[in-house]
Amino acid sequence: MIKFLDLHKINNRFREDFQASFSKSLDDAHFILGHNVTNFENEFAAYCGTKFCVGTANGLDALTLILKGYIQLGKLKRGDKVVVPANTFIATILSILHAELVPVLVEPDPKTYNISVDTDKTIFVDAKAIIMVHLYGQLADAENFKKIAKEFNCLLIEDAAQAHGGISNVMHLKAGNLSDAAAFSFYPSKNLGALGDGGAITTNDKELVEALKLLRNYGSKEKYNNKIIGFNSRLDDMQAAFLSIKLKTLDADNDIRRSIAKAYLKGINNTKIKLPFYDGSKNHIFYAFVVEVDDRVGFTEFLRKNEIEYLIHYPIPPHRQEALQSFSYFNLPLTEKIHKRIISLPMSPVMTEEDIQTVIRILNSY
Ligand SMILES: *Cc1c(COP(=O)(O)O)cnc(C)c1O
């Protein structure tokens, strides 16, 4: 059986360091917003190249708090439109709804699956923000979207939950530093994953950071002095310590993922399988290696029979979910077509050469 993602093997590499930091936290007993959170925030901001990082409880909250933060600063208001790709994980869209804003769903570029610069520009005229999702780990076209955001006076936000460490080959900046503010998730399966939930926001905007620090902690800077209506969405201190340990290997892990992708792209040669677009640069961290097939039911049966684990990111588009029935009027044929055809193959920094060759051999025999 070839695992899609062997979380045990991934995390077991850090077992001793995790145990030492757990013991230290147990001794320090500073469990909420302790020095581990501050340390990690500083390290992750430095890593992304931003001035600031604010830890949150998870990626959804990171997105929601960015939007709520801009509302707090008067840069967004209830009912404002936010342009967002329709083919994303539902969290991106939920964050807009939780902030009482209005999502405007757009079709992706079928080559990269990311928000397209060819999107009808009239859509941006009355929009107040644009969220780019770096889907599957490939960076969206931030350079052009910066221009669009400027032209239409929109805020530009990144959903970087799948893109930790990706580098724009045009802007030469990292994911998290390609927009006004970026949201990260440290859900265990992400390229930088905690041993539980976690998230963060990166930005160069000091005012936003002030608002975010209040919002994530009951609206209070000083205990029992509440300035605004806040939330409880803090990055857990223990998770922050684990993330500091794993951050050191993120670049090496992303390099391994890219080399597996290159091996797949070179080795898989089957007209029934459409391989993903990759320019060979560091603008992709291969959170997922996504192929397309005409007969997904047949293909998944074939993979199961050959003991290759797979996932589908994602089987049902957000606007077709029961929870979002009021969005079902959106006409998004491209998004729906993609959702019917895609499959994610095994991809992780702990795959062996034999695993990789087995996947290639089996796919070529499909
Ligand atoms: C994982 C993910 C999120 C949400 O992160 P959580 O930490 O699970 O809340 C948001 N957007 C995208 C694109 C994701 O992949």
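Assorted remarks:
- Compactness of region 221-366, taken as the C-alpha radius of gyration over 2.2 N^0.38 Å, stands at 1.39.
- Per residue solvent-accessible surface (Å²) - the chain, probe of 1.4 Å: 44 Å²
- Backbone HN-Hα couplings from phi across region 48-53 [Karplus 6.51/-1.76/1.60, Hz, Gly and Pro as x]: 6, x, 9, 6, 9, 9
- Karplus-derived 3J(HN,Hα), 6.51/-1.76/1.60, for each residue of region 4-21, Hz, glycine and proline x: 5, 7, 8, 5, 5, 5, 4, 7, 4, 4, 10, 3, 5, 5, 4, 5, 5, 6
- Amide H to amide H, with H built 1.01 Å from N, Val104 comes under 5 Å of Val82, Val83, Val84, counting only residues 5 or more places away or on other chains.
- Dipole magnitude of region 251-364 about its Cα centre (Cβ charges: Lys, Arg +1; Asp, Glu -1), debye to nearest 20: 380 debye
- The chain - Debye-derived log10 I(q)/I(0), Cα point model, q = 0.10 Å⁻¹: -0.62
- With all protein chains in place and a 1.4 Å probe, the accessible surface of region 1-92 carries 55 percent carbon and sulfur.
- Solvent-accessible area of region 184-252 (1.4 angstrom probe, protein heavy atoms only): carbon and sulfur portion equals 52 percent.
- Less than 5 angstrom separates the built amide H of Asn58 from those of Gly199, all sequence-distant by 5 or more or on a different chain.
The values are calculated or read from the model by the stated rules, or taken from the named source; none is laboratory data. Because the structure is a prediction, the values reported are computed rather than measured. Glycine also receives a Cβ, built like all others from the backbone with ideal geometry; neighbour counts cover every protein chain displayed. What goes into the accessible areas is simple: the full protein's heavy atoms, side chains included, and nothing from ligands, DNA or RNA. Shrake-Rupley method; radii C 1.70, N 1.55, O 1.52, S 1.80 Å.
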